[in-house]
Structures are given as C-alpha cells and as structure tokens.
Amino acid sequence: MNTPVVALLEALLRRALPALFDYQVHGLEHVPRGPAIIASNHLGVLDPPATLLALRDLTPPRHAHFLAKTSLYEVRFAGIPWLAYLQIGRAHV
C-alpha cells in the first residue's frame, strides 16, 4: 500500500537508516519474482521498515503488507493505523 504517509516514511528512512546504522541487506537474490511470503526474524523496531526498503529495491519493486499484533494498534507513535498493517490477535492463532 503506497499512501502519502508511507511515501514520506520511506523517503525519510531511505536516508536515515544508512546514515545512522550499519545497514546491510543479504539474500535478496533468494526472493522469487512472483508472490511471496517474507517471514523475517526481526530483532528491533527498525527491522520491518528496513525489510520494506529492501523489497522496494528489487526489480520490479515489491509492495509489502505486514502483519502486526493487535497491541501495536494501541501505540500511538507506531503509525500502525495509518500504514494499514493487517491486525492479528495472538489469542486467535
């Protein structure tokens, strides 16, 4: 989903991540060209946006949709409602 908020965040993160962190991407050659489920084992809060940027760098660029636990919808600064993550409750899994 490419909303104005996502486009703005992507532009900011594209400049900030490499400038502030040792940002490296490995394994993009293993992502198939067709539809795929990418299950990343993220260690921090910046890993999902970094995954999004890596997928956008593929040819053709990929558009990602994320699953997020229900409690993240209650965190105001996370931007979850604006970014249209798919909400999932852990009790229902």
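The values are calculated or read from the model by the stated rules, or taken from the named source; none is laboratory data. In this text the structure is predicted, and so the values were computed from the model without any measurement. We place every Cβ from the backbone using ideal geometry, glycine too, and count neighbours over all the protein chains shown. For accessibility, only protein heavy atoms count, side chains too; no ligands or nucleic acids. Shrake-Rupley method; radii C 1.70, N 1.55, O 1.52, S 1.80 Å.
Rounded to the nearest 10 square angstrom, E10 shows an accessible area of 30 square angstrom against a 1.4 Å probe. Scaled against 2.2 N^0.38 Å for its residue count N, the alpha carbon radius of gyration of region 1-55 is 1.20.
Taken one residue at a time, the phi angles of region 19-36 give Karplus couplings (6.51, -1.76, 1.60, θ = phi - 60°) of 6, 9, 9, 7, 8, 10, 10, 10, x, 4, 5, 8, 7, x, 6, x, x, 8 Hz. Gly and Pro are set to x.
Would you work out the charge dipole size for region 10-63 about its Cα centre, treating the Cβ of every Lys and Arg as +1 and the Cβ of every Asp and Glu as -1, and quote it to the nearest 20 debye? Result for region 10-63 is approximately 180 debye, rounded to the nearest 20. Derived scalar couplings between HN and Hα for region 11-16 equal 4, 5, 5, 4, 8, 6 Hz in order, rounded to whole Hz, by the Karplus curve 6.51 cos²θ - 1.76 cosθ + 1.60 (θ = phi - 60°), x for Gly and Pro.
Each peptide in 44-53, 14-23, 30-39 was scored by the mean count of other Cβ atoms within 10 Å over its residues; highest first, the order is 44-53, 14-23, 30-39.
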